[in-house]
Number of protein chains: 2
Amino acid sequence: MSTKYTRGSFQLMKSINRSVILNMIRSKGPISRADIAKQTNLTPPTVSNIVKELLDSQFVVETTQGSSQGGRKPTYLEINANQFFIMGIDVGRYHIKFVITNLYGELVEQLMLDIQAQPEANDLIEKMKEGIYQIMQKGGRNKDKYLGIGVAMHGIVDVNTGVSLFAPSFQTHNIPIQEELAKEFSMMVHVENDAKAMTLGEWWLGNGNDEDNIVGINVGHGIGAGIMIRGELFQGANFIAGEIGHMTIDLSGPKCSCGNYGCLQTLAAGPAIAQRAIKELKAGNTSMITDIVQGDLERVNGEIVFEAATRGDEFSQELLKQTGRYLGIGLTNLIHTINPNRIIIGGGVSHAGEFILDSLQETIQARIITDAAKETEIVPSQLGDNASAIGACVLILQNFFHGGKQVSQ
Amino acid sequence: MSTKYTRGSFQLMKSINRSVILNMIRSKGPISRADIAKQTNLTPPTVSNIVKELLDSQFVVETTQGSSQGGRKPTYLEINANQFFIMGIDVGRYHIKFVITNLYGELVEQLMLDIQAQPEANDLIEKMKEGIYQIMQKGGRNKDKYLGIGVAMHGIVDVNTGVSLFAPSFQTHNIPIQEELAKEFSMMVHVENDAKAMTLGEWWLGNGNDEDNIVGINVGHGIGAGIMIRGELFQGANFIAGEIGHMTIDLSGPKCSCGNYGCLQTLAAGPAIAQRAIKELKAGNTSMITDIVQGDLERVNGEIVFEAATRGDEFSQELLKQTGRYLGIGLTNLIHTINPNRIIIGGGVSHAGEFILDSLQETIQARIITDAAKETEIVPSQLGDNASAIGACVLILQNFFHGGKQVSQ
DNA sequence: ATAAAAATTTTAAAACTCATTTTTAAATAC
DNA sequence: GTATTTAAAAATGAGTTTTAAAATTTTTAT
């Protein structure tokens, strides 16, 4: 991999400005040409020229006229959000979720299909195609209205080729998702890890900006993180950046599926919560959980513990508090390494809400080494269960809006 | 901190190209104009124009003529390396090191001054000024030959303002190093954390390129890391990115100065090695160390353990092996979070060489979750004890050579 | 009505890169 | 030794896009 020289050229100059203007309209719109010029330091003619092209391509529309500040009324520009659409797919352990969003990333259509346990690669691809055809039909929009398909997939993904390198839940290797879908639907396809897609989605639709370093944590069956640096998801050398589920925090902790002891996910992921609950219940602790599962401890899982906690079960609440403490230790390690502005907690565990978040916050406050870093915001996901699917759409949106940044083609 | 829009402009276009050409000459030189044009995809006139400016400013010189491939001889261009110089300062616990390098980062002058224990901020600044005057006099070069002063300082540094926010070894706060030195010497001053400076130095003078993600680890009194992402040191929101010394890896480990238990540096830094040695010797173990310190266990430190290990002391060798294992666990966590291409081990511990590195490698190989990531290179520092000081020079060099990238001024 | 002020548009100039040609210089073939 | 070929570097003019300034449009204030 040799250095790619990005030379300065007129195309580069223009694509940067196009990007800047498009993003200004997206994030600050409705906005007038004059305001764009002021805020970007571009000159009025430059803005006018590029806006003309954006109007021609239908990505932007002139909407209302604003009120005058003592002169000609400004003509407001807005993203023509409902003229183009994006397909997002979130491949989960038991189902695949399909969504369609507009250019603002707003949900306009959704669909869920079940998948069999431990599917083969081929079945997965076929299921994805099936769902795409179904949801497209449901929406009734012409195919050329779609800018592309984004796919969020758990496990390790080569984002350059769009191949799912390894998916632990399915035990599959090297599924060429991008190639297969691009061939079938002939549009742009991007594939990304689910935690990373979630993070991108939260960043894009929250108030993330290019300066922010945010980290998104997906706590479910495992624990994964997405790291945004200077407006881009950070991949690392082998696409495993963010695999914090296997961060060792307790050398004498429980054994993990990876073979090591005391990985974060053996202490704080969904199955870990269930395991601890079962163990303590067998040891004679009493809890509402026993009633909920009607005595069958095999049925205990994270969601059931959350439910009991919400209904006031003290045993479950204490269990979740402990989980929050473990997670807090993992996040403190992360803050000492990455030092993000904000950490977003998503995935199944976010249903446990305050029980986990409060003790997590306390733990971080107690352990972090500098006062400044104590200000790190810890917030729950805004997009909830749709975060990864919408984030998958943002893969395409980002490419569209920040296309000018892709200077090294 | 709001988004900074970098607009496309003629200056940007040209400064990018200037940068590209300058770096091409630096990394591939001696090189002809024609070759630059070929490799950068710039056209010959563009290259010629910019090269003319670089020749005028004396940063580049025409050197020998190459041999012809059946036509006019190419005129080779090279960086005019010994026409301009950079000052680098490494502020250690007990001494300050001053170096001067040329434009290639090659050492041309060095000097060491002792500092008193726990100095005041003012004394430190005065000592730095004193050393700069001394080494400048030693070199006998005109002041305008210096492009700037780079400072590597342990602890937490605000690189934007050049303020040492906190230096644990001195217990000082908010020393305005950049301001003071810029006032005294009226030239560009950059300040950076020592582990980060070390990493930058290794990246620049090794074979780092823009695509590489490398991490440098400085293991001495504490443990710090520098993270390079896309050719820049990663700072995080509060400049504490890379503070991996306080990464918890063993919940039931020894107490750390920060108040937590089982921080990486309580297990793998210099003082930790010494502590473990003392404890085990008191418990009755026998070792060459006892002879070296002539029975005075107070005198045991990391360096002495290294010495004993090198001389064949099995007790010390085993101790270092154990240290390597702890460090390996910390680095595995880092790989699962950052996933760099290469990790460079520097600082005092690099004197312990193979004893630590071998068991460190083994530990990582055993614990990492994907085969691809097992390929992560772990290498010792090339620049050794000068790494931070030379890295400090690279702060200025990088600004000079990649100046075109500083588009948001 | 008239003046002032703000939002666009128009126009011309400037800053570059880009494609092509020309000049220079050396190597090789005859 | 001369002509031919090849390649490097410089020169020329065209093309793209920003930039600066002026003109136009539209509205509010006097």
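The values are calculated or read from the model by the stated rules, or taken from the named source; none is laboratory data. These figures come from a predicted structure and were not determined experimentally. For neighbour counting, all protein chains shown are included, and Cβ atoms are generated from backbone atoms with ideal geometry for every residue, glycine included. The area values use the complete protein model at the heavy-atom level, side chains included, leaving out ligands, DNA and RNA. Shrake-Rupley method; radii C 1.70, N 1.55, O 1.52, S 1.80 Å.
Listed values, structure above:
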read-out: Any hit, region A:60-67, residues being within 10 Å of DNA strand D (Cβ to nearest atom) and at pLDDT 90 or above; value: no
read-out: Members of region A:50-71 that are within 11 Å of DNA strand C (Cβ to nearest atom) and touching a helix residue (DSSP H, G or I) at 6+ places or on another chain (Cβ under 9 Å); value: A:I50, A:V51, A:E62
read-out: Cβ-Cβ under 9 Å pairs, at least 6 apart or on other chains, region B:206-228 side away from chain A (no Cβ under 11 Å), far side surrounded by fewer than 22 Cβ atoms within 10 Å (Cβ to Cβ) and among the acidic types (D, E); value: B:M228/B:D212
read-out: Subset of region A:29-44 that is within 9 Å of DNA strand D (Cβ to nearest atom) and either free of Cβ contacts under 8 Å to residues at least 12 places away in the same chain or over 33 Å from the mean Cα position of the chain (by Cα) (or both) - its residue that is farthest from the other protein chains (Cβ to nearest Cβ); value: A:P44
read-out: Boolean, B:V163 is more than 22 Å from B:R26 (Cβ to Cβ), assigned by TED's automatic domain parsing to the domain that holds B:G105 and without any contact (Cβ under 8 Å) to a residue 40 or more places away in the chain; value: yes
read-out: Region B:235-269: number of residues that are at the interface with chain A (Cβ under 7 Å from one of its Cβ atoms) and over 26 Å from B:T363 (Cα atoms); value: 5
read-out: Filtered residue count, region A:387-400, keeping only those that are within 9 Å of the chain's Cα centre (by Cα) and of a type outside the set (A, V, I, L, M); value: 2
read-out: First in region B:386-403 and under 16 Å from B:V20 (Cβ atoms), second anywhere and polar (S, T, N, Q) and part of a helix (DSSP H, G or I), Cβ under 6 Å, 6 or more apart; value: B:F401/B:N23; B:H402/B:S19
read-out: Index of the failed condition, B:I364 passing every other in (1) over 17 Å from B:I214 (Cα atoms); (2) within 12 Å of chain A (Cβ to nearest Cβ); value: (1)
read-out: Options B:V60, B:V51, B:V47, B:V20: the member that is buried (at least 20 other Cβ atoms within 10 Å of the Cβ) and at the interface with chain A (Cβ under 7 Å from one of its Cβ atoms); value: B:V20
read-out: Residue list for region A:326-360, restricted to those being open to solvent by 30 Å² or more (accessible area, probe 1.4 Å), assigned to a helix (DSSP H, G or I) and closer than 27 Å to A:H154 by Cβ; value: A:Y326, A:S350, A:H351, A:E354, A:F355, A:L357
read-out: Those strands (runs of 3 or more DSSP E) lying entirely in region A:169-234 with at least 1 residues open to solvent by 20 Å² or more (accessible area, probe 1.4 Å); value: A:172-175, A:188-193, A:214-219
read-out: Conditions (1) under 20 Å from A:G236 (Cα atoms); (2) within 14 Å of chain A (Cβ to nearest Cβ): number failed by B:I345; value: (2)
read-out: Failed condition for A:N82, given (1) open to solvent by 10 Å² or more (accessible area, probe 1.4 Å); (2) touching a Phe, Trp or Tyr at 6+ places or on another chain (Cβ under 7 Å); (3) at pLDDT 90 or above; value: (2)
read-out: Yes/no for B:A277 being free of Cβ contacts under 8 Å to residues at least 24 places away in the same chain and either part of a loop (DSSP other than H, G, I, E, B) or more than 26 Å from the chain's Cα centre (by Cα) (or both); value: no
read-out: Residue within region B:75-94 that is away from every other protein chain (no Cβ under 14 Å) and within 16 Å of DNA strand C (Cβ to nearest atom) present; value: yes
